[in-house]
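Here's the structure we're looking at; comments come further down.
The values are calculated or read from the model by the stated rules, or taken from the named source; none is laboratory data. Treat the numbers as computed from the prediction; the structure is a model and nothing was measured. Here the Cβ is made from the backbone with ideal geometry for all residues, glycine too, and neighbour counts use every protein chain on show. Accessible surface is based on the protein model in full, side chains and every heavy atom, while ligands, DNA and RNA are left aside. Shrake-Rupley method; radii C 1.70, N 1.55, O 1.52, S 1.80 Å.
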Amino acid sequence: DNDSMPIGNGDIGLNVWTEPNGDLLILIAKSDAWSGNARLLKLGRVRLSFSPQTTDEFDSFTQTLRLQQGEIEIVATKQDLTRNIRVWVDAHRPAIHIQAESSLEQELSADLELWRTTKRELIDDEAHSAYGIHGGPSPIYVYPDTVLDTYNDKLVWYHRNEHSIWRNNLVHQSLGELSDRLKDPLLHRTMGAAIFGDGMQKTSPTTLQS
């Protein structure tokens, strides 16, 4: 997206942008989130929605990357509404912070948007993203994420590698004998996240509502 703004800290990177209706979207990356296909995954996308929504353009809108503070600040106004949002990644722990203030009372929802929902085969040009195994003898599959429905006040999801192309990769590169002496770095690697906020409750496995 041309309006996407990057920010990060530690091993977490974000792409942040705002849509015309005022929704704030955050695409989450982590530098060690390697899938069983040796693809560096995005963990997911989060959509923050405010209600009531604006039905047309804001009177004024700024989205500013403040490098010294390590944060993105978004300020939008529409008649009596002034909304101020700050987004930053913690320097001391793997956490993303979103702080929103509004001059008018509004409801807030956080929706988790995932695209790895079913098992499917990587084909054609997309198969190139499975590093080192493209052109090998075996089909390459993407496996779904898992969304937990355990908690009432947070969204929790993860991706766990129950399959790995590591050994097939070595065989494909004529290094198959190494697989008996080395440990698979991809198998059972697990990556995910949790979303929670003050006064927010879960209304579905992928939605928090204020």
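Numerical summary
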read-out	value
Using distinct alpha-carbon pairs, which all enter the 1/r mean, Kirkwood radius of region 115-210 in Å	15.8 Å
Label of the coordinate-derived value, Cα Rg over 2.2 N^0.38 Å, listed as [x] 1.21; [y] 2.15; [z] 1.65	[x]
Residue-by-residue Karplus 3J(HN,Hα) for region 81-91, coefficients 6.51, -1.76, 1.60, Hz, glycine and proline x	8, 10, 10, 10, 10, 10, 10, 8, 10, 4, 7
Extended-chain gain in nm, criterion 0.36 nm per residue less alpha-carbon gap, Lys183 and Gln99	26.0 nm
Percent carbon-and-sulfur accessible area, region 5-138, ignoring ligands, DNA and RNA, probe 1.4 Å	49 percent
In Hz, Karplus ³J(HN,Hα) per residue of region 99-106 (6.51, -1.76, 1.60; θ = phi - 60°; x = Gly, Pro)	10, 10, 10, 9, 6, 10, 5, 9
Amide hydrogen neighbours beyond the local backbone of Gly192, cut-off 5 Å, H modeled	His159
Loop trypsin sites (Lys or Arg not before Pro), region 112-210, which have at most 10 other Cβ atoms in a 10 Å radius of their Cβ (DSSP)	Lys119, Arg181, Lys183
Total lysine pairs under 25 Å (Cα atoms) in the chain, excluding pairs fewer than 8 apart on one chain	10
Stokes-Einstein diffusion coefficient of region 75-133, Kirkwood radius over Cα pairs, 37 °C, 0.692 mPa s, in µm²/s	203 µm²/s
Length released on extending from Thr64 to Glu126, taking residue separation times 0.36 nm less the Cα-Cα span	18.9 nm
Cα→Cβ-extended label distance, 7 Å offset, between Ser138 and Asn84, nm	5.4 nm
3J(HN,Hα) from dihedral phi, region 181-186, Karplus parametrisation 6.51/-1.76/1.60, rounded to Hz, x for glycine, proline	10, 10, 8, 5, x, 9
Region 83-210 - accessible surface per residue (Å², probe 1.4 Å)	63 Å²
Sum of -39500 (n - 2.57) over DSSP H runs of 4+, divided by residues of the chain (222 nm, nearest 500)	-1000 deg cm²/dmol
Trypsin sites (Lys or Arg not before Pro) restricted to DSSP loop in region 53-100 with at most 10 other C-beta within 10 Å	none
Per residue convex hull volume, Cα atoms of region 1-125, in Å³	145 Å³
Residues in region 13-31 reached by a label modelled at Ser109 [backbone nitrogen below 18 Å; 7 Å Cα→Cβ]	19-26
